[in-house]
């Protein structure tokens, strides 16, 4: 009798554990506490190097598009979407097609670009790709510049003298900082 009860408990525990494992693996399960109205929508958030980047959300199902802000959650009807981001210096990003599911949030991360900020006295910053002599970009000190990820040689000119040279490593969606004294 004790053996039967113990086997029944083990079997019941195993079934419950198996059921939990199967359902825990579902990545697009509808939130059971959401209302019928909430289940008609999902959320898209775009994370780009700068909040000022121009982000366009295209609804491929309805054939419409609208501008949205980087970093903000946007509630959208369930459907197919595409995100396009235009950054400074003509850099662009295209997400491809995104199929949304009810009550889910989709983070679109613009990879491959980061920022460089040089702070200090007034002057000019020249950025060269490491190992190359070609100028990538120039910008004034105390501004932020978006660049593709990689290694850069930075030449900082203060009061007409190219005095400070530094190396900068640009990572996706981060800001590398150089301070000039």
Boolean, residue 146 is under 27 Å from residue 181 (Cα atoms) and in contact with a helix residue (DSSP H, G or I) (Cβ under 7 Å, 6 or more places away or on another chain): yes
Complete set of residues in the stretch 56-72 that are modelled with pLDDT under 95, touching a strand residue (DSSP E or B) at 6+ places or on another chain (Cβ under 6 Å) and within 21 Å of residue 101 (Cβ to Cβ): 61
Qualifying residue in the stretch 133-140 (condition: touching a residue at least 24 places away in the same chain (Cβ under 8 Å) and not in a strand (DSSP E or B)): no
Test: residue in the stretch 114-127 that is in a strand (DSSP E or B) and more than 23 Å from residue 170 (Cβ to Cβ): no
Members of the stretch 141-168 found to be modelled with pLDDT of 85 or more and in a loop (DSSP other than H, G, I, E, B), listed by number: 141, 142, 143, 149
Some residue of the stretch 97-117 being closer than 25 Å to residue 51 by Cβ, free of Cβ contacts under 8 Å to residues at least 40 places away in the same chain, surrounded by 14 or more Cβ atoms within 10 Å (Cβ to Cβ) and not assigned by TED's automatic domain parsing to the domain that holds residue 74: no
Residues within the stretch 38-64 that are within 17 Å of residue 92 (Cβ to Cβ) and assigned to a strand (DSSP E or B), tallied: 7
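The values are calculated or read from the model by the stated rules, or taken from the named source; none is laboratory data. The structure presented is a predicted model; accordingly, all values stated were derived computationally and were not measured. Positions of Cβ are backbone-derived with ideal geometry, glycine not excepted, and every protein chain shown enters the neighbour counts.
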